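S.K.: Mind looking over this structure? Questions follow.
The values are calculated or read from the model by the stated rules, or taken from the named source; none is laboratory data. What you see is a predicted model, and the numbers here were worked out from it, not measured in a lab. When we count neighbours, we look across all protein chains shown, and the Cβ atoms used for this are built from the backbone with ideal geometry, even at glycine.
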């Protein structure tokens, strides 16, 4: 239920927003304790009887994400995609479906995207018509305005729940995401300090699988986790999180800077949420080549072979190695590529596991197989 009386909305906005920086309202509303205080102020300022749903809707409009607030608070929703004020999609269980909520008009949607940008100290302009933002709860938002398009909004929600690799209900094995033999093989590989890249497309389950694998890292080891935005809530007792800091002029603190710094923090393992840029690939592979075994990272790629090719391309773009040395550098730094995919039904699964050799990728397991193949020669960590 939305409060459609503009007089009531204006009166409440004027009364309740006093003393708040408009750019901070999203952060204030995200804080559960402060949200309760705001709700009481809204109820008093409205000067008219409002039921709980009407109070929620009014608070969401004034301080939160408006009509999509309820979608973001749904634990089953992983993405909220606003194409137009009346065309909103969500992803539940790996499948996109159209939502029945909508904004009143483009002006209401535009107000929200500008507030999102302001909440992270950014401004949407003709010269900079799009912004990436990380919300207080860890969710990621991308907003776009004219002349590029929109206004439109894409939000990837932050879900910290970890899935077991094998075991009880909801694990990768119980849902058919991987055979138990392959899952146990990966668990052993992590425990024994294999360097592993998880590859796949956007939304395929790379970060989810990485969290599942991290559960096999011994609890007495120190992890340094490096991310563009903080998403990996790892099930490990000794974890230090480092996060990038964007800069307006292209400066700031990037993944590559944090990898170099992590080497000075006495890490047992370095985990990089995702490798995207040439300097990131170069810094990570250099760390792996200098004795920091047991590291995990993710990479966008269409297959395990493509993952190797993409890393080689990133190193070539970094321009720090001779062309003939690039493939050798990549292959000596890595042990396994684990490729994941999401099928049309939304099911996320491991499709293949390959061992990275000096001269080739050796397939060890593919989806549909029950056993992991014995490699032609010993694995480095065994």
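S.K.: Does segment 82-105 contain at least one residue that is over 21 Å from residue 203 (Cβ atoms), crowded, with 20+ Cβ neighbours inside 10 Å and touching a strand residue (DSSP E or B) at 6+ places or on another chain (Cβ under 7 Å)? Reasoning before the result, please.
M.R.: Of segment 82-105, the ones over 21 Å from residue 203 (Cβ atoms) are 84-86, 100-105.
Checking which are crowded, with 20+ Cβ neighbours inside 10 Å leaves us with 103.
Narrowing the set further to residues that are touching a strand residue (DSSP E or B) at 6+ places or on another chain (Cβ under 7 Å) leaves none.
Checked segment 82-105: no residue is over 21 Å from residue 203 (Cβ atoms), crowded, with 20+ Cβ neighbours inside 10 Å and touching a strand residue (DSSP E or B) at 6+ places or on another chain (Cβ under 7 Å).
S.K.: For segment 223-309, give me every one of the strands (runs of 3 or more DSSP E) that falls completely inside it and has 3 or more residues that are touching a helix residue (DSSP H, G or I) at 6+ places or on another chain (Cβ under 6 Å), assigned by TED's automatic domain parsing to the domain that holds residue 207 and in contact (Cβ under 8 Å) with a residue 12 or more places away in the chain. Reasoning before the result, please.
M.R.: On the way: elements: 223-227, 239-243, 269-272, 296-300.
Because the criterion is at least 3 residues that are touching a helix residue (DSSP H, G or I) at 6+ places or on another chain (Cβ under 6 Å), assigned by TED's automatic domain parsing to the domain that holds residue 207 and in contact (Cβ under 8 Å) with a residue 12 or more places away in the chain, the strands (runs of 3 or more DSSP E) in segment 223-309 that meet it are 296-300.
S.K.: Against the definition (surrounded by 15 or more Cβ atoms within 10 Å (Cβ to Cβ), closer than 16 Å to residue 213 by Cβ and not assigned by TED's automatic domain parsing to the domain that holds residue 303), how does residue 372 come out, yes or no? If you could, list the steps in order and put the result at the bottom.
M.R.: Working: surrounded by 15 or more Cβ atoms within 10 Å (Cβ to Cβ): yes; closer than 16 Å to residue 213 by Cβ: yes; not assigned by TED's automatic domain parsing to the domain that holds residue 303: yes.
Yes.
S.K.: Identify all residues within segment 131-145 that are out of contact with any helix residue (DSSP H, G or I) (no Cβ under 9 Å at 6 or more places or on another chain) and at pLDDT below 90; write none if there are none.
M.R.: From segment 131-145, those out of contact with any helix residue (DSSP H, G or I) (no Cβ under 9 Å at 6 or more places or on another chain) are 132, 134, 138, 140, 142; that's our starting set.
Residues satisfying the conditions are 132, 134, 138, 140.
S.K.: From 40, 73, which residue is within 25 Å of residue 202 (Cα to Cα), out of contact with any strand residue (DSSP E or B) (no Cβ under 8 Å at 6 or more places or on another chain) and at pLDDT below 90?
M.R.: Working: 40 fails: within 25 Å of residue 202 (Cα to Cα).
Result of the check over 40, 73: 73.
S.K.: Only one of (1) assigned by TED's automatic domain parsing to the domain that holds residue 193; (2) at negative phi is not met by residue 319, so which one is it?
M.R.: Here residue 319 clears every test but (2).
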